[in-house]
Amino acid sequence: MTEVIKFDKEDRIGLITIDNPPANALSFAVVKGIANTVANFVEDTELSALIISGAGKMFVAGADIREFNMARPKDVPELHNLINSIEESPKPIIAALNGLALGGGLELAMGCHFRVAHEKALLGQPEVKLGIIPGAGGTQRLPRLVGAEMALKMIVGGEPIAAKEALGVGLVDEILTEDFISDSIAFAKKVMSGGTRPTGKIKLEITDSTIFDKWRDKIKPKSRGLDAPYECVSCVEAAFNNSFEKGLELERKIFVNLRDGEKSKAMRHMFFAEREINKVPGLSRNTETLDINSAAVVGAGTMGGGIAMNFANASIPVKILDITKDAVETGIEIIRKNYNRSVASGRFTQETVEKRMELITGTTDYQDLSQVDIVIEAVFEDMELKKGIFLELEKVCKSEAILASNTSSLDINEIATVTNRPDKVCGTHFFSPANVMKLMENVRAKDTSIETVATIMRLSKTLKKTGVLVGVGDGFVGNRMMHVAARVAEFMVEEGALPWQIDEVIYNFGFPMGPFAMNDLAGVDVRYSIRQEQKKLYGDRRQSIILENLYQTGRFGQKTNGGWYTYDKGERKGRPEPEVETLIVETSKKLGFKRRKFSDQEILDRYLAALINTGAHVLEEGLAMRGSDIDVIWNYGYGFPRYRGGPMFYADQVGLDKIYKSVCNYNTDYGDWLRPSILLERLASEGGSLGKYSID
Ligand code: T1G
């Protein structure tokens, strides 16, 4: 017996245990092992029933995603064929769901004749999150067991349901709680002489055929650029309009088409990328970490308030300090308003909000921070101000406390110099709004200890954030790349394009908004002050005069009802402003540019070349550990469309040689802003990959 499949017998009952850690994925070896065991069971006259279960906390987490692009060995059947053979068995086969049954795991269970589940088991078809559909009979069997509405909810939504709900809708026959395997064997003995129940033979009748178009309308707002959600609806619909065999055929065709398409490859890349970020060289499960049972935030502004909310949401008491009582009270009031909006939207109950507000206490006295485990400084981006705060913290905070800065670009190495604990100084860069955005750039300064790194990486998980470890550099990773791409967008405006044309191109690529709309949201004044600060680093490079001219008009964005766009009262979406267009044309003239047309494709090429080349520089400088880490940062922090992976994965798909050529071409226009990355050049020449690149 292969080591991933164990087989036992008790009386007339056979028991398969899938033991393929870490997720009992249906790898080639597992599929082969099950197929051989099922074939032997069918022939074995001493056996009357067969149970399939899983070892550990999961039943089966699905097909093995790592094998999607591998050639299937000739002696391994396709999963959907194995499941059909289980369903055709002349003797009953029971799925004993000891835990998570997802994707192909639930499809395997539905090919069985009976299903029993542990009360803690979850059952789901999450394939849509990978840009595919259930490809082993799920779209045809699930509606036969639970009906159209539930099947659509599970397959199109992709979320699992609990065993109890599964029992209620007929997906599970019994819930077992005591000794799960012996109870499963008892169940098998009960049904072993009652014959089989092939799911595929269940007749389907549709009562309301409009349900499918209703679902298509329902998913539209969140399915921009996606194909899989619509294909899920079509396959479930096909189950009601075709024979079982025909439905399986259609499902298979659509599954293969999606699986081999660029969008699913990108989403599968992101699945693994999100898991790679936790792998830090030198950091292991045994690395000592500091328990974070209390926190403090210095600065009761928008960011400080949002950060404090994250701790309260994780049930961690948090103090919020500012220089005046008024500032503290205002900050806490803003927090309450944010929470009240969540109550109004039904996300939280009033009781939850009260409990969380009790965890947040304001102060103006540094002494009150003396016993907290971590302090996060979140004040204005001014180095001297930050150093002064860290000096105070060094005096009052207990020696083991971690001192973190939420700075989005300043040098944390320099901040650390004013403390006696550089090993405990780091960055925790939250993205605005801090209580909403999942991304955290965890910044490792040159003396930050591995224990401090381990602590803040674990803190990200505690706060339900996606923490990516980055190094100290201008703008760290995300903003470093964003500012170069945004400058190139501004340069194109100086040379002939208009903000609204560029934003439309970037929106149509899949971003939630373009760079100019994003700047109006974050503040033209904020970008202006960062750019002024950056002149210390890049003073000799071309500067964005249009940004400086716009700033001088006092049009700072949504906060002033007008920036690049004008915002009519209550409107979140701005409209092109003729006054700004006039300013742009005047600026072009003063700069000596003869304004010219930019095609949409050229705009996209220039913008992405800037983004990708700067990402390659970031990798070259060791500020990010992997290309896939950059993809996670851009998906979670800036809305890079997941069905395109991230900038690094996307560059691989376009072709690094093409990207490198574009960068060299645009380097003549933008100078060192697009100085070709040596890493990009090397990978392009070697046929390498940015998305797979890793410094470890
Ligand atoms: N294939 C390969 N590896 C997998 C895997 C899978 N299906 N699921 C998990 N892993 C790895 C994961 O990469 C990580 O590896 C480790 O297991 C622990 O995962 C035919 C075609 C199950 C909820 O989409 O949602 O079936 O980093 O860190 O937080 O129709 O993993 O340790 O090296 O996420 O406890 C459908 C995907 C597949 C479920 C557990 N199934 N997995 O979460 O641990 S397509 C899915 C998850 C399919 C059929 C189709 C989660 C989890 P490493 P983890 P976790």
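Relative to the longest principal axis of the Cα atoms of the chain, helix 478-495 runs at roughly 60 degrees. Which of the pairs LYS590/LYS661; LYS222/LYS569; LYS398/LYS424; LYS32/LYS692; LYS32/LYS74 have their Cα atoms more than 21 Å apart in this structure? Result: LYS590/LYS661; LYS222/LYS569; LYS32/LYS692 exceed 21 Å. Seen against the Cα atoms of the chain and their longest principal axis, helix 244-259 is set at about 30 degrees. Of all DSSP-defined beta bridges confined to the range 5-260, some 25% are antiparallel rather than parallel. Straight-line cross-link partners of LYS355 among the lysines, defined as a Cα under 16 Å from its Cα and at least 8 positions apart when in the same chain: LYS319, LYS337. Of interest is the spacing of the C-alpha centroids, which for the range 463-494 and the range 577-595 amounts to 27 Å. With respect to the chain, whose longest principal axis is taken over its alpha-carbon atoms, helix 524-538 is tilted by about 80°.
Here the spin labels are modelled as points 7 Å beyond Cα on the Cα-Cβ line, and at LYS325 and LYS253 they lie 7.5 nm apart.
Of the residues CYS397, CYS426, the one with the fewest other Cβ atoms within 10 Å heads the list, and the complete ranking is CYS397, CYS426. Contact order for the chain, expressed relative to its length and based on alpha carbon pairs under 8 Å spaced 6+ residues apart, stands at 9 percent. Dividing the summed helix terms, -39500 (n - 2.57) for each DSSP H run of n ≥ 4, by the number of residues in the chain produces a 222 nm estimate of -15000 deg cm²/dmol to the nearest 500.
In this structure the amide hydrogen of ALA49, modeled in the peptide plane, comes within under 5 Å of the amide hydrogens of GLY14, none closer than 5 places in sequence on its chain.
In angstrom, the C-alpha Rg and Dmax of the chain are 28.5, 92. Rounded if a/c is under 1.5, else prolate if a/b beats b/c, else oblate: with a ≥ b ≥ c from the C-alpha gyration tensor eigenvalues square-rooted, which is the range 295-472? Verdict is prolate for the range 295-472. Cβ-to-Cβ counts within 10 Å put SER405, SER588 in ascending order as SER588, SER405, the fewest first.
GluC sites (Glu not before Pro) within the range 354-460: which are DSSP loop residues with at most 16 other Cβ atoms inside 10 Å? Here the GluC sites (Glu not before Pro) that fit, given the DSSP loop and packing criteria, are GLU381, GLU400.
What is the calculated FRET efficiency for SER689 to SER193, with r their C-beta to C-beta distance and R₀ = 56 Å, to the nearest 0.05? Here the calculated transfer efficiency is 0.50. Here SER399, SER449 are placed in order of increasing Cβ neighbour count within 10 Å, fewest first, which gives SER399, SER449.
FRET efficiency for the pair GLU262 and TYR230, taken as 1/(1 + (r/R0)^6) with r the Cβ-Cβ distance and R0 = 22 Å, rounds to 0.85.
Every number in this text was worked out from the coordinates using simple rules, so none of it is lab data. Please read all numbers here as calculations on a predicted model, not as lab measurements. When we count neighbours, we look across all protein chains shown, and the Cβ atoms used for this are built from the backbone with ideal geometry, even at glycine.
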